[in-house]
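Novice: Please see the structure below; I have some questions.
FYI, it's all coordinate maths here, none of it is from the lab. Only a predicted model underlies this, so the values are computations on that prediction, with no experimental measurement involved. A quick note on method: Cβ atoms are made from the backbone with ideal geometry, for glycine too, and the neighbour counts reach across all protein chains shown.
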Amino acid sequence: MKILFTAALLLTFITGFAQRNCSIKVNVKNVLINKGDFYFALYNKEGDFMKVPYSKIKIPASRVKNGVVFTKLPAGDYAVTIFQDLNSNKTLDKVMSVPVEPYGLSNNVPAYPTYASTKFTVTDQSSITVSLHN
């Protein structure tokens, strides 16, 4: 009985570790201006999409050509949003709900994003490329 319990505990530990060993590399293309900061947000729940990111990364525009990597993730569905903050106010500026700063979405959804339209599945080490809308 003790061996069975130990084996079950070990299996649970290994499974839990493997599930949190995924990563997503996000590459960005169509960067026209090397100015400001880029904000990357990662979502894993429909109800949190565009509200509460699961994880976020901020990098200067000078480093965006290398992309960013979200690490130590459980396998599952994710969506990514990106915007370039050209005026350093830490928000995506909009006029009449239309973005006036460069932005991008996973699956390169052009407009009116939903979690369903932007999500993708991660099971190991994944890589996506997001094209900015300028």
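Novice: Helix 2-19 sits at what angle to the longest principal axis of the chain, using alpha carbons and giving 0 to 90 degrees rounded to 10?
Specialist: 10 degrees
Novice: List the lysines whose Cα sits under 23 Å from the Cα of K51, skipping any in the same chain fewer than 8 residues away.
Specialist: By straight Cα distance, K51 reaches K25, K72, K90, K94, K119.
Novice: Now a separate question. Give me the tail of P(r) for the chain as a percent: Cα-Cα pairs with distance above 20 Å.
Specialist: Values: 4376 of 8911 pairs.
Value for the chain (Cα pairs over 20 Å): 49 percent.
Novice: OK, next. Top mean-square fluctuation among N44, N34, N107, Gaussian network model of the chain, C-alpha springs under 10 Å?
Specialist: N34
Novice: Hey, rough spin-label estimate for S127 and S97, points 7 angstrom out along Cα→Cβ, what's it come to in nanometres?
Specialist: Label at S127, label at S97, 3.7 nm between them.
Novice: In a GNM of the chain with a 10 Å cut-off on Cα contacts, which of S106, S117, S97 has the highest mean-square fluctuation?
Specialist: S97
Novice: With a 10 Å cut-off between alpha carbons and a GNM built on the chain, which of K72, K35, K94 moves the most?
Specialist: Comparing K72, K35, K94 in a Gaussian network model of the chain, the most mobile one is K94.
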